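Readers should treat all values here as calculations from the given coordinates under stated rules, not as data from a laboratory. Values in this document were obtained by computation on a predicted structure and should not be read as measured data. Using ideal geometry, Cβ is built from the backbone for each residue, glycine included, and neighbour counts are taken over all protein chains shown.
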């Protein structure tokens, strides 16, 4: 049985599933590692978000991740302002991204539609704090299979913790299976070249046993290595075949987006190649005005 995770804005619906086009979640609206953006946000200047939204929409994003985690700033207030601003600029559904419970609450209260929440771990206290919010606002959740004791190396242990999250969310909080998206933990190949195969094994295990949708931070895989776009594009294509159905990724990078679109075509998620051909024609038109 195919599980469909449905996200909505007031005027648009995005469906994530292994019989659907791969869902590109734009990663850019995040101040981590962006010093100038952090300074702008601390000063109350959200103008860079307008540019980030436009570039990601143009690149092919289907959902936008929104993170306002800036040191020495009011993350709750920034999240409310950012969600309001972004929804005035685009009808793409949003992924509300924060480790701060109050910021998640404020973002979900402000958001118009059904959001994705990024994220929760298998730690008991985090499940108890975040899952009631997800249920109250009718959102979907990204869950990571790590707990207070470890970020597991072995795929079987990651599957065990993913199973725990699914059990707690569905049985204790009444959250539907289709509203649980698992992040199988993408680790940097620059740290250990065996880590990516462990992620791929985890994706396959979760797909086969739990059947839920999955996402991950695609940029994590290539961290610390040269030619990151080639590594990212290759990883995404392989991960799609293993069961990955979405990724938080750089929607501004044509090499990554085209790899995903090619994967959709080759895995028979693009009937008659209509989307692939349309994207190619659009690219040609843009390069030959």
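Fully extending the segment from residue 191 to residue 227 would add 11.4 nm, taking 0.36 nm per residue of separation and subtracting the current Cα-Cα distance.
You can think of it this way: the chain between residue 160 and residue 129 has 9.1 nm of extra reach, that is 0.36 nm per residue less the Cα-Cα gap. Per residue of the chain, the DSSP helices (runs of n ≥ 4 H) give a summed -39500 (n - 2.57) that works out to -14500 deg cm²/dmol at 222 nm.
Inter-part distance, segment 220-257 to segment 69-125, computed on C-alpha centroids, equals 24 Å. Treating each Cα of segment 49-171 as one equal point scatterer and applying the Debye formula with no solvent, the log10 of I(q)/I(0) at q = 0.16, 0.21, 0.22 Å⁻¹ comes out as -0.81, -1.14, -1.19.
With a simple spin-label model that places each label point 7 Å from the Cα along the Cα-to-Cβ direction, the separation between residue 77 and residue 267 comes to 4.3 nm.
Express the relative contact order of the chain as a whole percentage, based on alpha carbon pairs under 8 Å and six or more residues apart in sequence. Show your work: numbers first, answer last.
On the way: 535 pairs, mean separation 56.7, N = 289.
Computed over the chain, the figure is 20 percent.
Taking 13 Å as the cut-off, the amide N atoms of segment 56-86 that come nearer than this to a point 7 Å along the Cα-to-beta-carbon line of residue 50 belong to 85-86.
Beta bridges assigned by DSSP with both partners in the chain are antiparallel in approximately 15 percent of cases. If you take the alpha carbon atoms of the chain and fit the smallest convex hull around them, that volume is 136 Å³ per residue.
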